[in-house]
Amino acid sequence: MNATSSTKKLFLHIGVIIIVCFGLTLSCCSDFSLRSICSASTESPQVDGWNVTIEITESSGVRNSVVFGESANATDGLDTYDLALPPMPPQTPSIVAWFDTSFPSPFNKLLSEYNHYPSLQSIWNLSILWYPAPGDNSTAILTIHWDISQTEESLYQSFLLFRNNTMVKDMLLSSSYSFNSSATPQTFQIMCKDPFSASSQSTQLTPPLFILVVAIVAIMTFAIALFIRSRKKR
């Protein structure tokens, strides 16, 4: 076998290696894109946002509710999605609940509060007030209820209920919280953070692609080195 024939065969082998590596790269990239699309279609939040209804009840049957959430059309400031708390009911016993804000009155107390969607973190300051019947100085047991399917729709990884700066419930795992209340406002904080996203899924899928690229470069480098070595032997 002459030198020209050997050189041609070596180039042929290198060409085959490059073609195979190129094909593997395209296959990996296609699979990567498909998985990203599937991940986005199955785990992306709703287009317009999400909301959760909080219902507060007492054993006698008295109840009230408020709504919070996020919307793509809402802002973190005052907007049409934020509804002011109506006048307190004249009858007793009763429950009054609202979200505290820094907005001017009457929007400093909201029956419904929406923040902008999407967000890396959102916080709602919830206050609950129990109005007992006249002459009743006893405390009441109030229960906060929510639907876990609604909190899951936000796709936040952390969805926590705080009372007096202490976490009392994971709202993705529990659907209620009970507490004793007198005729003074009880303050809570709902904190959501770390949302799932298509970008986080893409980050998780990047390392395998990086490893494949490194392997391709290493193979091509070896092939070139082999070619140079064979030339030197002649």
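Laboratory data are not the source of any read-out in this text; all were calculated from the coordinates shown. Since this is a predicted model, take the numbers as computed values, not measurements. Every residue, glycine among them, receives a Cβ derived from its backbone with ideal geometry; neighbour counts consider all protein chains shown.
How large is ³J(HN,Hα) for each residue in segment 109-123, as worked out from phi by the Karplus curve 6.51 cos²θ - 1.76 cosθ + 1.60 (θ = phi - 60°), to whole Hz, x for Gly and Pro?
10, 10, 7, 9, 10, 10, 9, 6, 10, x, 8, 6, 7, 9, 9
Using 7 Å Cα-to-Cβ label points, what is the ASN108/ASP79 separation (nm, one decimal)?
Here the answer is 2.4 nm between the modelled labels.
Separation between the MET167 and ILE219 pseudo-spin-labels, each 7 Å from Cα along Cα→Cβ, expressed in nm?
4.6 nm
Could you order the peptides 152-158, 173-179 from most to least packed, using the average number of other C-beta atoms within 10 Å per residue?
Taking the mean over residues of other Cβ atoms within 10 Å, the ranking is 152-158, 173-179.
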